[in-house]
1. Hey, what D do you get for the chain in µm²/s if you plug the Kirkwood alpha-carbon radius into Stokes-Einstein at 10 °C and 1.306 mPa s?
2. Measuring from the lowest to the highest alpha carbon on each principal axis, how far does the range 44-106 reach, largest first, in angstroms?
3. Within the chain, what is the number of lysine pairs with alpha carbons under 18 Å apart, leaving out pairs fewer than eight places apart on the same chain?
4. What Kirkwood radius, in Å to one decimal, follows from the Cα pairs of the range 191-242?
5. Net charge near Thr234: determine it from the other residues with C-beta under 10 Å of the C-beta of Thr234, scoring Lys and Arg +1 and Asp and Glu -1.
6. What is the extension gain from Ala199 to Thr19, computed as 0.36 nm multiplied by their sequence separation minus the C-alpha to C-alpha distance, in nm to one decimal?
7. I want to make sure I understand the PRE zone here: with the label point 7 angstrom from the Cα of Thr46 toward its beta carbon, which residues in the range 202-235 have backbone N atoms less than 12 Å away?
8. In nanometres, what is the gap between the two model label sites at Leu186 and Ala206, each 7 Å from Cα along Cα-to-Cβ?
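Just so it is clear, none of the values below were taken in a lab; they were calculated from the coordinates. Every value quoted in this text rests on a predicted model; they were computed, and no experiment measured them. In this analysis, Cβ positions are derived from the backbone assuming ideal geometry, glycine residues included, and neighbour counts consider all displayed protein chains.
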Amino acid sequence: MATDALRPLVRKAYADAATKAAAVVPGKRPLACTPHSGLGCGSPTTIAGLTPGDWVLDLGCGAGFDCLAAAVEVGRRGRVVGVDMTPEMVRLASRHARDADVPTVSFVQAEIESLPFPDASFDVVMSNCVINLCADKQRIFAEAWRVLKPGGRLAVADIVAVALLPVELHGELALHTGCVAGATALEGLAAMLREAGFASAEIAIAQHGRSVIDSWAPGRAIQHFVAAANITATKQARDISR
Ligand SMILES: C[S@@+](CC[C@H](N)C(=O)[O-])C[C@H]1O[C@@H](n2cnc3c(N)ncnc32)[C@H](O)[C@@H]1O
C-alpha cells in the first residue's frame with residue numbers, strides 16, 4: 001500500500017504531468033481539444049447526483065476537468081472547489097477555468113488529509129483516482145465526512161484492489177504513482193466508510209475500467225488485481241452519533 005514516503009514521488013509525477021500538459025496546451029485552446037483530458041479512472045460527476053446550487057469539493061482535482069463538468073451541473077448559484085497538493089496542477093486547473101470563463105470554480109493547493117475548510121461546508125465531495133495514491137485513506141474519508149453538510153454525498157471514482165498484488169508488482173514505484181499499487185482493498189472499504197461516519201455506502205466495480213487499467217501496464221495482467229470502482233456514500237441528514 002502507499003506510504004507517506006512515496007508522497008514526494010507522487011507530487012513529482014503529477015507536477016511533471018501538469019508541466020507537460022501546460023506546455024502543450026496554448027492558453028486559449030478550447031478545453032475539448034486539450035490532449036490532457038484528465039488522469040482519472042471514472043466520472044464522479046455522473047454518480048454524484050449534482051443539482052443546481054450545490055457546493056462541490058473535488059479532492060485531488062488535477063487539471064480541473066471534473067470541476068468544470070460539475071460547474072455546468074450546479075449552475076450559477078453553485079460553487080466548485082478543487083483541491084490538489086501539486087502547485088503545477090493547481091496553476092493548470094486555474095488556467096483551464098479562466099480559459100473556459102467559469103467563475104464559479106476555484107482551486108486551492110492543499111493536502112486532502114487536512115482540508116482547509118470548516119465543518120459542513122459542502123453538499124458533495126467527489127474525487128477521481130486520487131485516494132489510491134494516499135497512505136492514510138481512513139483520514140481522507142474522515143475529512144470528507146467532516147466538510148460535508150448533513151445529508152451531503154460522497155462520490156468517488158477510484159482504483160480498488162480485488163486481489164493481493166504480487167510482491168514484484170507491489171514493489172514497482174511506477175505502479176504506486178500510476179494508481180495501481182496503493183489501491184484500497186475492496187474488502188474493508190465499506191467498514192472504512194462507516195468508521196469515518198458515513199451512514200450508507202455503495203461500492204460498484206465499473207466494468208469499463210478493465211481495458212483502461214490494462215493500458216497502464218500492458219502485458220502485466222494488473223486487471224486481475226485491481227479494478228475501477230464507483231463509491232458513493234451519504235452523511236446522515238441529522239447526525240446524532242457525533
Ligand atoms: C491520478 S491524478 C487525478 C487527477 C484528477 N482527479 C483527474 O481525474 O484528472 C491524481 C491527482 O491527485 C493529486 N494528489 C495526490 N495525492 C494528494 C494528496 N494527498 N492531497 C492532494 N492532492 C493529491 C495529484 O497531485 C494529482 O493531481
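1. Estimated diffusion coefficient is 88 µm²/s.
2. Largest first, the range 44-106 extends 30, 22, 14 Å along its Cα principal axes.
3. Pairs that pass both the separation and distance tests number 4.
4. One over the average 1/r among Cα pairs gives 13.1 Å for the range 191-242.
5. Its environment carries a net charge of +1.
6. Between Ala199 and Thr19, full extension yields 60.8 nm more.
7. Taking a point 7 Å out along Cα→Cβ of Thr46, the residues of the range 202-235 whose backbone N falls under 12 Å are 206-209, 230.
8. Those two pseudo-labels are separated by 1.5 nm.
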